[in-house]
Each structure stands twice: as structure tokens, then as C-alpha cells.
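Let me begin by presenting the structure, written as C-alpha cells, before commenting on it.
The values are calculated or read from the model by the stated rules, or taken from the named source; none is laboratory data. Source: prediction; values computed, not measured. Neighbour counts are summed over all protein chains in view; Cβ atoms, including those assigned to glycine, are modelled from backbone coordinates with ideal geometry. Surface accessibility is based on the protein's heavy atoms, side chains included, excluding ligands, DNA and RNA. Shrake-Rupley method; radii C 1.70, N 1.55, O 1.52, S 1.80 Å.
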Amino acid sequence: MVGERIPLETKNLTVRNETDILSLTPDRGILTFPRGNYSISYEAMVNANTMQFLFTEPANVTVSIPRPFMVTNPLLTSIQPSGSKLEEGNNTTNISWKQVRSVEIRYYDEGQEHLLYLFAQFWLIIAVVLLLPFFLSRNN
């Protein structure tokens with residue numbers, strides 16, 4: 001969020017309006033088209049488990065995250081701004097916002113969730129082992 005904006009290298013860019021797919025050519029990485037309702041889809045490499053989107057004007061945004069990735073555990077994820085609508089189904093999770101200028105999503109996979117539960121169980125066992133002598137000495 002701080003610093004110079006770096007354009008995303010994308011493939012299979014598709015811009016649709018209510019009736020048809022538009023044929024657009026970016027000018028220096030910038031797409032311009034008349035005001036209206038559009039759906040923009042593209043493919044791009046994601047190098048980390050965080051996505052950020054910045055818009056020059058407020059926009060309605062929907063992000064679809066495929067099934068191996070999840071956003072439901074608040075200990076592992078972050079969805080900003082928080083006024084989002086989350087829908088699960090069809091092996092995807094859809095997150096929607098209305099009239100936002102920026103969106104940030106941190107997602108995780110099943111392996112990270114298993115590591116969190118393993119870590120929590122490990123500390124729970126340590127807590128029980130350390131507190132057990134205290135509780136046993138209170139009974140004497």
C-alpha cells in the first residue's frame with residue numbers, strides 16, 4: 001500500500017458489459033472505457049497469500065477464491081474492509097463489497113489450518129502439564 005504502483009502482468013483479460021464482451025487494448029497498462037457496469041476477469045500469478053486491489057473511484061468488487069484456499073478462520077485470515085458479504089458454494093468462496101476504493105484479502109490453505117490446530121494443541125498440553133501440579137497442591 002506504500003510506494004509506487006506496480007502493474008500486474010495478466011493473461012486472458014476479458015471485459016464484459018451487460019450485453020457482450022468488449023475488445024479493449026490497454027494503453028501503457030491502463031484500460032479506459034465508458035461509464036457503466038462491467039465484469040473484468042483475468043489470470044495472473046499470485047506469489048503470496050495476500051491480494052490487494054486499489055481503485056481510483058469506489059466500485060463494487062467480487063473476488064472468487066477456489067476451494068483449496070479458505071478465508072473462514074479469523075485467526076488465519078484478514079478481509080478488509082470488513083463490510084463484506086461472504087458466500088460459500090460450488091467449490092469457491094465469493095467475497096463481495098459495495099462501493100469500496102480498496103480491498104485486501106489474506107487467505108490460507110488446509111495445511112496452514114492443520115498447523116494452527118497442532119500448535120494450539122501443543123500449547124494446551126504444555127498449559128495442562130504446568131498447571132496440573134498447582135491444582136494438585138491446592139487439594140492437599
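A compact table of results
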quantity: Filtered residue count, the range 94-121, keeping only those that are hydrophobic (A, V, I, L, M, F, W, C) and within 13 Å of Met70 (Cβ to Cβ); calculated: 3
quantity: Test: residue in the range 60-77 that is farther than 24 Å from Glu18 by Cα and of a type in the set (Lys, Arg); calculated: yes
quantity: Inter-residue pairs, beta-carbon under 7 Å, first over 11 Å from Thr93 (Cβ atoms) and touching a residue at least 40 places away in the same chain (Cβ under 8 Å) and in the range 49-77, second of a type in the set (Ser, Thr, Tyr) and in a loop (DSSP other than H, G, I, E, B), 6+ apart; calculated: Asn49/Tyr107
quantity: Test: Met45 is of a type in the set (A, V, I, L, M) and in contact with a strand residue (DSSP E or B) (Cβ under 8 Å, 6 or more places away or on another chain); calculated: no
quantity: The lone exception for Thr56 - which of (1) modelled with pLDDT under 85; (2) within 13 Å of Arg106 (Cβ to Cβ) it fails; calculated: (2)
quantity: Residue satisfying all of: in the range 9-53; among the aromatic types (Phe, Trp, Tyr) and assigned to a loop (DSSP other than H, G, I, E, B); modelled with the highest pLDDT among these; calculated: Tyr38
quantity: Hits in the range 126-140 (condition: surrounded by fewer than 10 Cβ atoms within 10 Å (Cβ to Cβ) and either among the β-branched types (Val, Ile, Thr) or at pLDDT below 90 (or both)); calculated: Val129, Pro133, Phe134, Phe135, Leu136, Ser137, Arg138, Asn139, Asn140
quantity: Residue count for the range 102-117, restricted to those that are surrounded by 10 or more Cβ atoms within 10 Å (Cβ to Cβ), over 17 Å from Phe53 (Cα atoms) and either at pLDDT below 90 or not hydroxyl-bearing (Ser, Thr, Tyr) (or both); calculated: 7
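Conditions (1) small (Gly, Ala, Ser); (2) within 25 Å of Leu8 (Cβ to Cβ); (3) in contact (Cβ under 8 Å) with a residue 40 or more places away in the chain; (4) out of contact with any helix residue (DSSP H, G or I) (no Cβ under 7 Å at 6 or more places or on another chain), marked per residue:
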site: Gly89; (1), (2), (3), (4): yes, no, no, yes
site: Arg101; (1), (2), (3), (4): no, yes, yes, yes
site: Arg106; (1), (2), (3), (4): no, yes, yes, yes
site: Leu118; (1), (2), (3), (4): no, no, no, yes
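Every residue, every condition in (1) within 21 Å of Met45 (Cβ to Cβ); (2) open to solvent by 40 Å² or more (accessible area, probe 1.4 Å); (3) at pLDDT 85 or above; (4) not in a loop (DSSP other than H, G, I, E, B), yes or no:
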residue	(1), (2), (3), (4)
Asn60	no, yes, yes, yes
Ser64	yes, yes, yes, yes
Asn73	no, no, yes, no
Ser82	no, yes, no, no
Glu87	no, yes, no, yes
Ile95	yes, no, yes, yes
Val100	no, no, yes, yes
